[in-house]
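Read the structure below first, then the notes.
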Amino acid sequence: MSAKQRLYLQFPASSFFETGKMSFAMDGVFNRHPRPQAAYLPVPTKAALLTQNIMKDKPHDGLVTLEKPKPIKSRLSYPTRLIDSHRPNTNVQTITIEQKFPSDILTRMGTLTQGQKLWMVCRCITPKHSGELIMFKDCKPGEASREIGILKKLSHPNIVQLKQAFIHQNICYVGITYLRFTLREILYVHMSLGELQVKYLAKEVFQGLQYLHEKKCTYTGLNLDSVRIDGKKGNVVLEGFSQAFLDDDDADADEHGTYIMNSHDSLQDLGFILLECMEGRPAETKRDIDFIKKQREQYKVFGLHNAEAWSGCKQLIDFLDELFNVDKEFTAKIQRPHEFIKEDGVGPSCLMHYLELVSLECFTEWQAYIA
């Protein structure tokens, strides 16, 4: 029996028409109780739902927990100086240190732990950049100055954008565009990457490496953690330039004073990353070029456990063979891309559902900042 029929049985229609109280009765039947409404600042949904369980050390069913990070000493107190791309005179060496938090520029949201790296997430409150999120990582002074100096000279969709930096207690914090997801996290979801996703990742990273080669920048930090994905657009961005160097850089010596030769083959690093994407999980032992060479001599698909799933992807296999070809010069490989990454028809949408699964299946520790 519908609600309307029950209403007619309880209140005959004749009584409504005789008394003229039809509208009054209808209003009273379907009254709604008011619900309290409150506005909250946006925080990562997964951490907000699991905060109580974390404090009680309860297991989280259905979640994939990444490697437990080592205890990190909290050093994220109020910064003493902000070096801002929106302010003039952003040279680190010539700025006078301020002794208070620059609340006119940004407000702190919380800290995000990914593996062994701790990020401080802040929200910009200037009128021009209101609501923009920025991720800060702590670096050694030498690494920070190197990374800031390099990123200021780079501008490309596949290269992370430097936003801000500040110095506090001899610790430098470098701020980049907010890029929540890493390639390592994507490999921990229950869905494995296919040829389409591997092709898109290879194409995006290769374009970033091409640009770095044009700028004479040697990039040595390519790994699963330095490849980050924009959660809104799906763009692939390279991060982690603290160990990179430019050919015209005067300070390209290592900690022992030995000058580094610009011979690092980042395309081989790309090949190792793609193999881990094909495997579906980060490699337990690091692969090297000698292992790859022996596998190919035995006509094996690079030692993959699920090799039969990729044996039909001829162009992908040929592309990997070219990346690992030590007899071919790096310049020749980077200037004449393989046909595998030249083809169009692949876009960022192929990764979006994987990013959704990262939020649902992978736990990332988030600590909200309470003023």
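In region 121-141 there is no residue matching the filter, namely being touching a helix residue (DSSP H, G or I) at 6+ places or on another chain (Cβ under 8 Å), of a type in the set (Ser, Thr, Tyr) and either outside any strand (DSSP E or B) or on the phi > 0 side of the Ramachandran plot (or both). Evaluate region 350-357: report whether one residue or more is part of a helix (DSSP H, G or I), more than 28 Å from the chain's Cα centre (by Cα) and not basic (Lys, Arg). So far as region 350-357 goes, no, none of its residues is part of a helix (DSSP H, G or I), more than 28 Å from the chain's Cα centre (by Cα) and not basic (Lys, Arg).
From the list Asp344, Asp290, pick out the single residue that is out of contact with any Lys or Arg (no Cβ under 7 Å at 6 or more places or on another chain) and modelled with pLDDT under 85. Criteria check complete, one pass: Asp344. Which members of region 218-244 meet the condition of being assigned to a strand (DSSP E or B) and touching a Gly at 6+ places or on another chain (Cβ under 7 Å)? Listed by number, the list holds a single entry, Leu238.
Of the residues making up region 126-159, those that are over 20 Å from Asp247 (Cα atoms) and either under 19 Å from the mean Cα position of the chain (by Cα) or surrounded by 20 or more Cβ atoms within 10 Å (Cβ to Cβ) (or both) number 11. Only residues that are touching a Ser or Thr at 6+ places or on another chain (Cβ under 6 Å), closer than 13 Å to Ala165 by Cα and modelled with pLDDT of 85 or more were counted across region 80-134, and they come to 1. Of all residues in region 259-288, those satisfying the criterion of being touching a residue at least 40 places away in the same chain (Cβ under 8 Å) and assigned to a helix (DSSP H, G or I) are Ser266, Leu267, Gln268, Asp269, Leu270, Gly271, Ile273, Leu274, Leu275, Glu276, Cys277, Met278.
Against the condition without any contact (Cβ under 8 Å) to a residue 24 or more places away in the chain and out of contact with any Ser or Thr (no Cβ under 6 Å at 6 or more places or on another chain), how does Gly194 come out, does it pass? When the stated conditions are applied, Gly194 passes them.
For region 289-348, which positions are polar (S, T, N, Q) and either surrounded by 17 or more Cβ atoms within 10 Å (Cβ to Cβ) or part of a loop (DSSP other than H, G, I, E, B) (or both)? Hits for region 289-348 are Gln295, Gln298, Asn306, Ser311, Asn325. Only one entry of Leu238, Leu201 meets the criterion of being buried (at least 20 other Cβ atoms within 10 Å of the Cβ), modelled with pLDDT of 95 or more and touching a Cys at 6+ places or on another chain (Cβ under 8 Å), and that entry is Leu201. Checked against (1) touching a Ser or Thr at 6+ places or on another chain (Cβ under 7 Å); (2) at pLDDT 90 or above, Phe245 passes all but condition (2). Of all residues assigned to region 199-217, at least one qualifies as being in the same structural domain as Leu316 (by TED's automatic domain parsing) and in a loop (DSSP other than H, G, I, E, B). With respect to (1) under 25 Å from Thr107 (Cα atoms); (2) of a type outside the set (A, V, I, L, M, F, W, C); (3) in the same structural domain as Leu118 (by TED's automatic domain parsing), the lone exception for Lys232 is condition (3).
The values are calculated or read from the model by the stated rules, or taken from the named source; none is laboratory data. Being a predicted model, the structure only gives us computed values, none of them experimental. Every residue, glycine among them, receives a Cβ derived from its backbone with ideal geometry; neighbour counts consider all protein chains shown.
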